[in-house]
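A short write-up of the structure that comes next.
Coordinate-derived values only; no laboratory data. These numbers were taken from a predicted model, which means no experiment stands behind them. Cβ placement follows ideal geometry from the backbone for every residue including glycine, while neighbour counts extend to all protein chains displayed.
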Amino acid sequence: MRILGVDPGLQRTGYGCVDCGRTGSVRVVEAGILRLQARATVAARLVALERDLTELIAELRPHRVAVEQVFVHAKHVRTAVIMAHARGVILLAAARADIPISEIAPTAVKSSLTGNGHATKRQMQLAIAARCGLAKPPSPADVADALAVALADANRQH
C-alpha cells in the first residue's frame, strides 16, 4: 500500500510518500516540500498548493492520503486557521482524485511512532529514521511531519 502523508502549510507544505508491505516493512518513495510564495495572497497560495498537490498525486499514485487534524491552541489560533485553509485544499485534491483520506490527531501521530503523544520534534525524527531505515533523520521538520503522518496511517492499516 502506498500512503502519501501531507503536513499542511501556506508557505511550505511537507509531503512524504511511503510504500508499506504486508509484513510491516516500510520504504520511503519520495519526500520533500512544496514551496509557496510567501508574498502571494492566501488565495494565490491555495491555488498553487492545489495545483502542485494534484500533480504530486498524479505522479506518486498513492492508495491513501493522510493528513494531521487541526490542533487549536489558544495562543496560536491564527496558525490553526491558516493550517485549516491548507488542509481544506489537501482534502479537496485527494477527494477529487478519489483517494481515501485519513485524518489523524497530532498526539495520535506521535504516540503511534514513539509511544509518547507529546514527543519532541527530534524524537519524532529519530523514530522515523529508525522505522524507515534512513541513514539520518528526515529534515526539515515539514518533511519529517509528513512522513510521520504517513507512518501513523500505515500503523493503523496493519
Which one, 85, 56, 95, is farthest towards the positive end of the dipole of segment 45-96 when Lys and Arg carry +1 and Asp and Glu -1 on their Cβ?
85
For segment 100-158, give the magnitude of the charge dipole about the Cα centre (Cβ charges: +1 Lys/Arg, -1 Asp/Glu; no others), in debye to the nearest 20.
240
Evaluate E = 1/(1 + (r/R0)^6) for residue 11 and residue 111, where r is the Cβ-Cβ distance and R0 equals 30 Å; express this FRET efficiency to the nearest 0.05.
0.60
Take every Cα pair under 8 Å in the chain that's 6+ residues apart, average their separations, divide by the length, and report that relative contact order as a whole percent.
31
If the chain between residue 29 and residue 47 were fully extended at 0.36 nm per residue, the gain over the current Cα-Cα distance would be 3.9 nm
DSSP loop trypsin sites (Lys or Arg not before Pro) in segment 1-76 with at most 13 other Cβ atoms within 10 Å of their Cβ, which ones?
22, 39
Potential lengthening between residue 121 and residue 139 on full extension [0.36 nm per residue; Cα-Cα distance subtracted]:
5.4 nm
